[in-house]
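The values are calculated or read from the model by the stated rules, or taken from the named source; none is laboratory data. Since the model is a prediction, treat every value here as computed from it, not as a measurement. Positions of Cβ are backbone-derived with ideal geometry, glycine not excepted, and every protein chain shown enters the neighbour counts.
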Amino acid sequence: MTFNPLEQRGIPLDRQLRNWRELNVDPIDPDRCDPYTRCRVITMNGIEVEAILFSHQLARNTVDPEIKRQLAQTRYIEAQQQKAVNWLLPGLSSVLETTIAYEQVAVDLTAWVARMEPDPYLKQAYQFGVLEDFDHLYRYANLYEMIEHRKAESIVDNLTEVMPGRPTRYHHRDPVDNVRDPYAKDQADPLSKLHALTIMSTEQQTMNFYMNTGPTYMEPIARQLYQEIGLIEEEHVTHYESLVDPGETWWEQLVNHEYNECYLYYSFMEQESDPKVKAIWELHLNMELEHLHIACDLMRRLDGREPAEVLAPRAAQRADVRAEQGLSARTARHADGPDHARRRLRARGARAVREDAGDDPRRREPAERPGDARARRHVRA
Ligand SMILES: [Fe+2]
Ligand SMILES: [Fe+2]
Ligand SMILES: [Fe+2]
Ligand SMILES: [Fe+2]
């Protein structure tokens, strides 16, 4: 990140409230938009949902009514932001099409984080998880072909590979086995904290999405698949949330949440190719800068510590939903511009992450599942 959010002032909180007309954003066009614009929308929706839920939990654990009021004020703005962001998704897309886009986020964003993560233990945790979301994308793609008779490639636009990952039947673990070791808050690279918070939030949103939309299907095979993968997303949330050091105070966690929102809006604003969406990222960044200052004041007051001690003054790399951006300059053959050479790349970043993890599913026997012709094709290749 080339700027320090701690040194910037945003929009004062009492000027952040928007009217109905301003919240009623124009949705993106599913046939014309860059799939990575939709990935950014899905990511930021997960981040805003976590901001709201975390603030509610914090308020429920806060005795001082004055602080509760302060939290309520900021939280209302987070709720408005969540509406503006999630309402960018078009009503035209089916639940299953949105699901495929959710799994594209899980694959590409996690693959990017895995490549950028400085801590080897945490890196392994992301590599472990991404192999499972690979298979979810593949399973939902098969379902899409079966019940909507269309190819998932039309949604992910050949940017993310649709092929088997670690077979889903191996994802069902004893719940205790999903609990990992946390990073140590005083030694961890500040970037590791942002990564853990980001992936935890997006996986939580995926879990919530499947919990709520799964039963809207009538086809038994769809209902069963949402139930099965919904339970694995519960495992994923357990896996990723356990990476966060529980020794962080509530106020430190609040500061990390607001800092992460600044980091992601700034990163996405820099990459966004759709001017209307870019304007929303910019507006929200300016709001988050103020949220961060409010959170820092609370941490100073209630913890008696300086937030700069726990934050990255300048994170070196901007966050990205595009896995291939985590590759070395030689491998990622295109510039970081809005018009990335999409078809040439075929998501080599995601493939490289899988190879790093040493679990190349092409070496395995294809699993016996509906629509396995696709798997056999790849295994032979
Ligand atoms: Fe927010
Ligand atoms: Fe998934
Ligand atoms: Fe997941
Ligand atoms: Fe915020």
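Quick one: in the range 20-40, which of the residues that are of a type in the set (A, V, I, L, M, F, W, C) and in a loop (DSSP other than H, G, I, E, B) is farthest from Ala84 (Cα to Cα)?
So the residue we want is Cys33.
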**Prompt:** Any idea which of Ile77, Ile11, Ile47 is over 19 Å from the mean Cα position of the chain (by Cα), buried (at least 20 other Cβ atoms within 10 Å of the Cβ), within 16 Å of ligand 1 (Cβ to nearest atom) and aliphatic (A, V, I, L, M)?
**Reply:** Ile77
**Asked** Just for the range 88-114: of the residues that are charged (D, E, K, R) and crowded, with 24+ Cβ neighbours inside 10 Å, which one is nearest to Leu191 (Cα to Cα)?
**Response** Asp108
**Asked** What about Glu234, is it out of contact with any Leu (no Cβ under 9 Å at 6 or more places or on another chain) and surrounded by 16 or more Cβ atoms within 10 Å (Cβ to Cβ)?
**Response** yes
**Message:** Out of the residues in the range 268-297 meeting the condition of being among the acidic types (Asp, Glu) and within 9 Å of ligand 4 (Cβ to nearest atom), tell me which one is surrounded by the most Cβ atoms within 10 Å (Cβ to Cβ).
**Reply:** Glu288
**Message:** Being assigned to a helix (DSSP H, G or I), of a type outside the set (Ser, Thr, Tyr) and within 15 Å of ligand 3 (Cβ to nearest atom): is that true of Leu225 here?
**Reply:** yes
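Does Ser201 meet the test of being out of contact with any His (no Cβ under 6 Å at 6 or more places or on another chain) and within 16 Å of ligand 4 (Cβ to nearest atom)?
yes
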**Asked** Here are some conditions: (1) in contact with a Phe, Trp or Tyr (Cβ under 8 Å, 6 or more places away or on another chain); (2) away from ligand 4 (no atom under 16 Å from the Cβ); (3) within 20 Å of Trp112 (Cα to Cα). Tyr265 meets all but one. Which one does it not meet?
**Response** (2)
**Prompt:** Does the range 77-99 include one or more residues that are of a type in the set (Asp, Glu), part of a helix (DSSP H, G or I) and touching a Ser or Thr at 6+ places or on another chain (Cβ under 7 Å)?
**Reply:** yes
**Request:** Kindly indicate the residue of the range 214-259 that is farther than 17 Å from Pro307 by Cα and charged (D, E, K, R) and also farthest from ligand 2 (Cβ to nearest atom) among those meeting that condition.
**Result:** Glu219
**Message:** Is it the case, given these coordinates, that Asn286 is within 28 Å of Phe134 (Cα to Cα) and out of contact with any strand residue (DSSP E or B) (no Cβ under 6 Å at 6 or more places or on another chain)?
**Reply:** no
**Complete:** Result of the Cβ filter at 6 Å on the range 232-259, keeping first residues that are closer than 15 Å to Ser192 by Cβ and partners that are within 16 Å of ligand 2 (Cβ to nearest atom) and of a type in the set (D, E, K, R), at least 6 apart or interchain, is Tyr240/Glu203
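Tell me the residue from Ile42, Ile67, Ile11 that is modelled with pLDDT of 95 or more, more than 28 Å from Val162 (Cβ to Cβ) and either away from ligand 4 (no atom under 14 Å from the Cβ) or of a type in the set (Gly, Ala, Ser) (or both), please.
Values: Ile42 fails: more than 28 Å from Val162 (Cβ to Cβ); Ile11 fails: either away from ligand 4 (no atom under 14 Å from the Cβ) or of a type in the set (Gly, Ala, Ser) (or both).
Result of the check over Ile42, Ile67, Ile11: Ile67.
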**Asked** Would a scan of the range 125-148 turn up a residue that is closer than 27 Å to Gln227 by Cα, modelled with pLDDT under 95 and part of a loop (DSSP other than H, G, I, E, B)?
**Response** yes
**Prompt:** List, please: which pairs have Cβ atoms under 7 Å, are six or more places apart or on different chains, and start with a residue in the range 79-98 that is within 17 Å of Lys276 (Cβ to Cβ) and end with one that is within 15 Å of ligand 4 (Cβ to nearest atom) and acidic (Asp, Glu)?
**Reply:** Gln81/Glu48; Val85/Glu48
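Residue by residue, here is whether (1) part of a loop (DSSP other than H, G, I, E, B); (2) at pLDDT below 95; (3) more than 16 Å from ligand 1 (Cβ to nearest atom) holds:
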| site | (1), (2), (3) |
| --- | --- |
| Glu161 | yes, yes, yes |
| Arg180 | yes, no, yes |
| Asn212 | no, no, yes |
| Pro215 | no, no, yes |
| Gly230 | no, no, yes |
| Glu233 | no, no, yes |
| Gln253 | no, no, no |
| His257 | no, no, no |
| Leu264 | no, no, no |
**Request:** List every residue pair whose Cβ atoms lie under 7 Å apart, where the two residues are 6 or more positions apart in sequence or sit on different chains, the first residue falls within the range 200-213 and is over 20 Å from Glu261 (Cα atoms) and without any contact (Cβ under 8 Å) to a residue 60 or more places away in the chain, and the second residue, located anywhere, is within 12 Å of ligand 2 (Cβ to nearest atom) and part of a helix (DSSP H, G or I).
**Result:** Met207/Gly230; Met207/Glu233; Met207/Glu234; Met207/Val237; Met211/Gly230
